[in-house]
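Only the coordinates and a few stated rules stand behind these numbers; no lab work does. Here the structure is a predicted model, which means the values were calculated and not measured. Here the Cβ positions follow ideal geometry from the backbone for every residue, glycine too, while neighbour counts run over all protein chains shown.
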Amino acid sequence: MIIFLVSVLISFLTTLFITPYFTRFLYTAGIVGLDLQKKDKPKLPTSGGICVAFGVLAGLLAYIGLYTFVPLFFPSISILKINVIPLLAVTSSVLIVMFVGLLDDLNVKSRKVRTKEGYDIRVGFPQWIKPLLTLPAAVPLMAISAGVATMGIPFVGIVEFGVLYPILLIPIGTVGASNVVNMLAGFNGLEAGMGIVYLLGLGIFALLNESTGSIIFLVTFAALVGFIRYNWYPAKILPGDSLTYLLGSIVAAGVIVGNMERAGIIVMLPFIIEFFLKLRVRFKATCLGKLRKDGKLDPPYGR
């Protein structure tokens with residue numbers, strides 16, 4: 001448990017201390033977006049998900065290193081038995097998603113589109129191409145055949161998916177989760193705040209069941225706690241698609257390696273509902289509130 005707590009602390013401190021440096025770097029590099037939720041609509045650095053990704057990577061790699069070497073020198077220390085191979089696969093997936101999210105955020109730099117609230121420069125890749133970009137994040141999990149192919153489905157019973165689980169269900173879960181989390185965003189602190197809530201819940205559930213997913217969820221939870229200090233209203237940095245992609249892939253990866261599919265579906269329900277609501281209007285709806293003269297926000301559709 002000491003190794004577990006140290007890894008979570010490393011994740012928190014890494015994100016907490018590197019975010020101010022990344023904020024200045026991203027602003028200097030011109031990777032910015034308009035914060036339409038403030039009266040003066042300032043340009044803020046975007047792609048803050050990169051800071052969270054570094055925290056997650058630091059925490060996971062610290063855990064793998066400590067888990068491997070500490071027992072050699074301190075055999076009396078009790079360690080939660082977790083398979084390290086899935087963690088290495090998750091680390092690879094995080095790197096891939098971080099790169100894809102950064103590409104999407106970089107793509108917005110030269111694009112400028114008029115919205116109801118003014119000009120917004122945060123327009124990334126077309127909607128249809130985003131699932132294709134996040135598909136490679138599933139490959140590391142597919143390569144190790146992560147998870148258990150036998151699942152209990154309500155009203156159906158136990159189903160053995162066999163080879164279809166790594167070939168079909170893992171890519172669908174990874175791509176689906178990465179993209180639906182991106183649907184519910186737009187307010188300062190919303191993405192990170194929601195992530196803190198559902199990742200803490202999943203982490204505690206996984207920890208109680210001694211699941212491999214526990215370290216994945218709680219390390220990411222700690223990184224978000226370090227990040228939200230700078231993303232809470234009034235935000236100093238925007239999360240960008242790099243954070244929403246990352247959170248979706250983390251949920252998918254943790255659920256798969258921890259055999260927690262039903263818990264993952266429950267957590268994803270608000271995002272799935274949002275997906276169908278936006279699908280109904282062909283993704284032309286917005287999550288942004290209407291900015292009043294006093295700086296407060298009204299619901300975008302009057303209810």
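Here the simple spin-label model places points 7 Å from the Cα toward Cβ, and for I2 and R24 these points are separated by 3.7 nm. With respect to the cross-link table entries K236/K278; K43/K278; K41/K236; K38/K130, which display a Cα-Cα separation exceeding 22 Å? Where the Cα-Cα span goes over 22 Å, the pairs concerned are K236/K278; K43/K278; K38/K130.
Exposure proxy for I216, I96: other Cβ atoms within 10 Å of each Cβ, ordered fewest to most, give I96, I216.
Each residue of the range 2-281 gets 129 Å³ once the volume of the Cα convex hull is shared out per residue. Exactly which trypsin sites (Lys or Arg not before Pro) in the range 14-74 are in a DSSP loop and have at most 13 other Cβ atoms within 10 Å? Answer by residue number: K39.
Assuming 0.36 nm per residue, please report the length gained on full extension of the stretch V159 to L279 beyond their Cα-Cα distance.
Details: separation 120, 0.36 × 120 = 43.20 nm, distance 3.01 nm.
Net length gain for the segment: 40.2 nm.
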